[in-house]
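The values are calculated or read from the model by the stated rules, or taken from the named source; none is laboratory data. The structure presented is a predicted model; accordingly, all values stated were derived computationally and were not measured. Glycine gets a Cβ as well: all are built from the backbone with ideal geometry, and neighbour counts include every protein chain shown.
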């Protein structure tokens, strides 16, 4: 990162540098967060650069280090709303999107299910994510070593870093399968890491999240919900518990948020769900500058046909029940002659506005209702499961579900998630995978789909650098 870039970051975020050491420390951490190490097991940066006492002697610079990780998630991570993020790439990988771009476009291999271990996005997701994990570990270590930060700030920053580390490992595991869980910046330890099976990964993730819950406050430290609090961690815990088949824990974690109606008031106006001030937002990414909006709008909205990059699949369009208001409010048709295409219209802004209207939402309340619905159904509480499911359906203008048996309710929840969370951070892929429906659902509609596509390939360059990551995932 160039020095002027860090200075611009400091100016934008109103960071006060009380002396040259603070600026130097932030500059060095900024270099880490932008480039990271070439490989998380390859480079051992001096501890003076990684956990500089100057950075963690001041609340402003320590917070800037944490905010920088969120900025990297937003701009170059898997959760980014840009073309390289999960929302676009995994939407094309599954049955949500149809690709119209050039034959050399980066998304083409995702759409055609022809991803190779040398794919640049596969490498970028892996490398950027582990660099962000590495930076989170640097914050944990730096805060722990600080004698200057107040205890409340140390708890806040440690909790946020633990949450970030858990979230990033969770996505890595669900995309790549067995992966290393990195908890230190120590080069000697990291160069020897091995892949962990899912049971160990879940144990690490849950342990980190439970500690984060104990550290973070009930309230947000910023009114726009861009810094995690206890509820944000509980939202992730609910998702993790669900994927790990811990049904009671998943239901309880979701209830923690759903019972907090003062903070998370249910919103029935579908056009307001994705506005930056929505009361159903749990956690979101603030745009880089004032006036910018969620990157998803720029990625998915097109004004004329044929689509320049992607459009919603007809299969998804046909999945909406008659009268479903989400199709009216969250989907827009573009017509040219006799041809019609559809794009996502959850986020309405494709370009800048006078002030930012939409932030990129990572967690929102609807997921917690459907998590609890599924967890309740798995435990045999079919009445409670239907109540939660019907909450979502009623907001969409639909009548209550007609499903009666446990399996019928679980099928109905999966269908509801399809039309609720389309093009949101790969939900469709993860939902089908959790339900063991990937092959049955995608093989009939995706040319070349095979069971090996349930995992992405490990980056070829990583296997070369670290033999402990072998073997390559099956099919690659």
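In region 265-291, which residues are more than 20 Å from the chain's Cα centre (by Cα), at negative phi, in contact (Cβ under 8 Å) with a residue 12 or more places away in the chain and outside any helix (DSSP H, G or I)? Don't jump to the end; show me each part of the working.
To start, the set of residues in region 265-291 that are more than 20 Å from the chain's Cα centre (by Cα) comprises 265-272, 289-291.
Now restrict to residues that are at negative phi: 265-272, 289-290.
Subset that is in contact (Cβ under 8 Å) with a residue 12 or more places away in the chain: 265-268, 270-271, 289-290.
Across region 265-291, the qualifying residues are 265, 266, 267, 268, 289, 290.
Determine whether region 189-199 contains at least one residue that is at pLDDT 95 or above, assigned to a helix (DSSP H, G or I) and surrounded by fewer than 22 Cβ atoms within 10 Å (Cβ to Cβ). Don't jump to the end; show me each part of the working.
In the first step, residues of region 189-199 are kept if they are at pLDDT 95 or above; the result is 195-199.
Next, from what is left, pick out any that are assigned to a helix (DSSP H, G or I): 198-199.
Going one step further and asking which of them are surrounded by fewer than 22 Cβ atoms within 10 Å (Cβ to Cβ), we end up with 198-199.
For region 189-199, residues at pLDDT 95 or above, assigned to a helix (DSSP H, G or I) and surrounded by fewer than 22 Cβ atoms within 10 Å (Cβ to Cβ): present.
Where in region 311-365 are the strands (runs of 3 or more DSSP E), entirely inside, with at least 2 residues that are out of contact with any helix residue (DSSP H, G or I) (no Cβ under 6 Å at 6 or more places or on another chain), more than 30 Å from residue 170 (Cα to Cα) and free of Cβ contacts under 8 Å to residues at least 60 places away in the same chain? Before the answer, list the steps.
Details: elements: 331-336, 339-344, 360-364.
Answer list for region 311-365: 331-336, 339-344.
Which members of region 161-188 meet the condition of being over 25 Å from residue 363 (Cβ atoms) and buried (at least 23 other Cβ atoms within 10 Å of the Cβ)? Reasoning before the result, please.
The first filter runs over region 161-188 and keeps only residues over 25 Å from residue 363 (Cβ atoms), leaving 178, 180, 184-188.
Answer for region 161-188, where residues must be over 25 Å from residue 363 (Cβ atoms) and buried (at least 23 other Cβ atoms within 10 Å of the Cβ): just 185.
Return the total of residues in region 417-449 being in a loop (DSSP other than H, G, I, E, B), in contact (Cβ under 8 Å) with a residue 60 or more places away in the chain and out of contact with any strand residue (DSSP E or B) (no Cβ under 6 Å at 6 or more places or on another chain). It would help to see each step written out before you state the result.
Here is the first cut: in region 417-449, the residues in a loop (DSSP other than H, G, I, E, B) are 421-426, 435-437, 443-449.
Next cut, in contact (Cβ under 8 Å) with a residue 60 or more places away in the chain only: 422-426, 445-449.
Going one step further and asking which of them are out of contact with any strand residue (DSSP E or B) (no Cβ under 6 Å at 6 or more places or on another chain), we end up with 422, 424-426, 445-449.
So the count comes out to 9.
Considering only region 329-349, state which residues are under 17 Å from residue 300 (Cα atoms) and more than 26 Å from the chain's Cα centre (by Cα). Break it down stepwise before answering.
Step one: of region 329-349, the residues under 17 Å from residue 300 (Cα atoms) are 329-335, 340-349.
Listed by number, the residues that qualify are 333, 334, 335, 340, 341.
Considering 221, 206, which residue is farther than 29 Å from residue 377 by Cβ and either modelled with pLDDT of 95 or more or surrounded by fewer than 18 Cβ atoms within 10 Å (Cβ to Cβ) (or both)?
That would be 221, the only listed residue that is farther than 29 Å from residue 377 by Cβ and either modelled with pLDDT of 95 or more or surrounded by fewer than 18 Cβ atoms within 10 Å (Cβ to Cβ) (or both).
Just for helices (runs of 4 or more DSSP H) wholly inside region 77-172: which have at least 1 residues that are under 21 Å from residue 316 (Cβ atoms)? Break it down into steps so the answer makes sense when it comes.
On the way: elements: 86-93, 108-111, 120-145.
So the answer is 86-93, 108-111.
In region 376-393, how many residues are touching a residue at least 24 places away in the same chain (Cβ under 8 Å) and surrounded by fewer than 16 Cβ atoms within 10 Å (Cβ to Cβ)?
Looking only at that region, the number is 2.
Looking at region 118-157 only, could you name the residues that are surrounded by fewer than 18 Cβ atoms within 10 Å (Cβ to Cβ) and under 30 Å from residue 442 (Cα atoms)?
Matches in region 118-157: 118, 120, 123, 124.
Quick check: anything in region 242-255 modelled with pLDDT of 95 or more, surrounded by fewer than 23 Cβ atoms within 10 Å (Cβ to Cβ), closer than 14 Å to residue 358 by Cβ and in contact with a helix residue (DSSP H, G or I) (Cβ under 9 Å, 6 or more places away or on another chain)? Let's see the steps before the verdict.
If we filter region 242-255 for residues that are modelled with pLDDT of 95 or more, which is where we start, we get 242-255.
Going one step further and asking which of them are surrounded by fewer than 23 Cβ atoms within 10 Å (Cβ to Cβ), we end up with 243-249, 252, 255.
From what's left, closer than 14 Å to residue 358 by Cβ: none.
For region 242-255, residues modelled with pLDDT of 95 or more, surrounded by fewer than 23 Cβ atoms within 10 Å (Cβ to Cβ), closer than 14 Å to residue 358 by Cβ and in contact with a helix residue (DSSP H, G or I) (Cβ under 9 Å, 6 or more places away or on another chain): absent.
Take the conditions touching a helix residue (DSSP H, G or I) at 6+ places or on another chain (Cβ under 8 Å), over 27 Å from residue 429 (Cα atoms) and modelled with pLDDT under 95 and apply them to residue 135. Does it pass?
Numbers: touching a helix residue (DSSP H, G or I) at 6+ places or on another chain (Cβ under 8 Å): yes; over 27 Å from residue 429 (Cα atoms): yes; modelled with pLDDT under 95: no.
Answer is no for this residue.
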